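As structure tokens, the structure follows; a few thoughts come after it.
The values are calculated or read from the model by the stated rules, or taken from the named source; none is laboratory data. Nothing here was measured: the structure is a model prediction, and the numbers come from that model. Don't worry about glycine lacking a Cβ; one is built from the backbone with ideal geometry, like all the others, and counts go over all protein chains shown. All accessible areas refer to the heavy atoms of the entire protein, side chains included, with ligands and DNA or RNA removed. Shrake-Rupley method; radii C 1.70, N 1.55, O 1.52, S 1.80 Å.
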Amino acid sequence: MPLGPLQSALLTWYDRARRVLPWRAGPGETADPYRVWLSEIMLQQTTVAAVVPYYERFLARFPTVEALAAAPLEAVLPLWAGLGYYARARNLHACARVLVAEHGGRFPRDLAALKALPGIGDYTAAAIASIAFDQPAAPVDGNWERVVARLYAVTQPLPAAKGELRTLAAALMPERRAGDFAQAVMDLGATVCTPAKPRCLICPLQPWCQANAIGLAEALPAREPKAERPTRYGAAFHLWRADGAVLLTRRPPKGLLGGMMELPGTPWLASPQDEMAWLSQAPGRAAWRRLAGTVGHTFTHFHLELALFVAERPVAAHDLPGEARWVAPADLGQEALPSLMRKLLKRSLAEAAQSGSISRGPTETKPKRRPRAIE
Ligand code: SF4
């Protein structure tokens, strides 16, 4: 649609109040689709503040699609460790390879061609098309949903209202300055039309906002109550050598935490097992000791409670699982260790430090920052 009064008001606000973000083009510059894509994939389920250092490290190491495509996956995953949802990193790498092999290292401008790439769905395709190529495609994320639900006072709860919100969002997109408009809605949702206490008095959309007019701003969007997460149970085994090296294995390439490194462990089951059942799956013979309690971690679709076993003696090489290898303390920071594994190591090392049982234990492996434990 052409620029109407609502679109003009929001764009005027955006020109004045836009957030300065490292992946954004400055006024008058053209956005780089590689940077838009990378930032949008990183921002899924994660906050802007948490993403910035990851984005900067990743871009310094892989400044172009070609550089990313040429790297092995094992070089990419450690730069993602701590961001969660590791399938995104695997898809990012696969997508770079398809772009180089089939598109000459350039992003297609067409929505359907973008959506055919690994890891690019409706939202990311629309974000790249609008922000990098100025096409009127609405990238409807949580901020967009909230703004549109309030603007049109959509009272149907999410997720059932998603289809209606997408239709209303698409109708809002102007043909000119589409990328700026898409980002303006994102910024408005992040800074003015916030989930709690929206700042309606200073909002550029206030003259058109139906939820504000009927006093429903803070109540929308409505949501169906969330189903409870089930709990799963398992055991992890922390084995270290006298020099402090830790035994790690690599998870299968596909599935949850695919391709990441981990402490050897059992499958995660619907019910807890007794200690003997867990120990029968330990990696080799050692004087295993179970630490008190369990280590909990919450993923998107389930909660996990892991029993943690430690052993302080090396085992014979032929006892170890095929994929296992020893990692020196100084190298742990370079490994693609998910937050769960860092949590387990931290728990084990805290216990060892208290009991004085590790003379040269692994160094602290805590990631720089993480907004929440969900992956
Ligand atoms: Fe959101 Fe209030 Fe603006 Fe409506 S007027 S869009 S509820 S901040």
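General observations
- Considering Glu312, Glu262, the condition of being outside the structural domain of Gly82 (by TED's automatic domain parsing), closer than 17 Å to Leu344 by Cα and at pLDDT 90 or above is satisfied by Glu262 alone.
- On inspection, Gly163 passes the criterion of being at pLDDT 95 or above, surrounded by fewer than 21 Cβ atoms within 10 Å (Cβ to Cβ) and not charged (D, E, K, R).
- Subset of the range 258-278 [closer than 21 Å to Arg90 by Cβ and not in a loop (DSSP other than H, G, I, E, B)]: Met261, Glu262, Gly265
- Those residues of the range 282-301 which are surrounded by 15 or more Cβ atoms within 10 Å (Cβ to Cβ) and in a loop (DSSP other than H, G, I, E, B), in sequence order: Ala282, Pro283, Gly284, Ala286, Trp288, Leu291, Thr294, Phe299
- Close pairs (9 angstrom Cβ cut-off, 6 or more residues apart or separate chains): within 27 Å of Leu340 (Cβ to Cβ) and of a type in the set (Val, Ile, Thr) in the range 56-85, open to solvent by less than 40 Å² (accessible area, probe 1.4 Å) and not in a helix (DSSP H, G or I) anywhere: Val76/Phe62; Val76/Ala336
- Residues of the range 68-118 that turn out to be surrounded by 18 or more Cβ atoms within 10 Å (Cβ to Cβ) and in a loop (DSSP other than H, G, I, E, B), as a count: 9
- Residues in the range 212-245 that are surrounded by 22 or more Cβ atoms within 10 Å (Cβ to Cβ) and within 20 Å of Thr294 (Cα to Cα): Ala235, Ala236, Phe237, His238, Leu239, Trp240.
Here's the yes/no breakdown for (1) within 18 Å of Leu205 (Cβ to Cβ); (2) touching a Gly at 6+ places or on another chain (Cβ under 8 Å); (3) of a type outside the set (D, E, K, R); (4) modelled with pLDDT under 95:
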{"position": "Leu3", "(1), (2), (3), (4)": "yes, no, yes, yes"}
{"position": "Arg16", "(1), (2), (3), (4)": "yes, no, no, no"}
{"position": "Gly28", "(1), (2), (3), (4)": "no, no, yes, yes"}
{"position": "Leu43", "(1), (2), (3), (4)": "no, no, yes, yes"}
{"position": "Thr46", "(1), (2), (3), (4)": "no, yes, yes, yes"}
{"position": "Ala50", "(1), (2), (3), (4)": "no, no, yes, yes"}
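- Subset of the range 152-210 that is more than 13 Å from the ligand (Cβ to nearest atom) and among the acidic types (Asp, Glu) - its residue that is nearest to the chain's Cα centre (by Cα): Asp180
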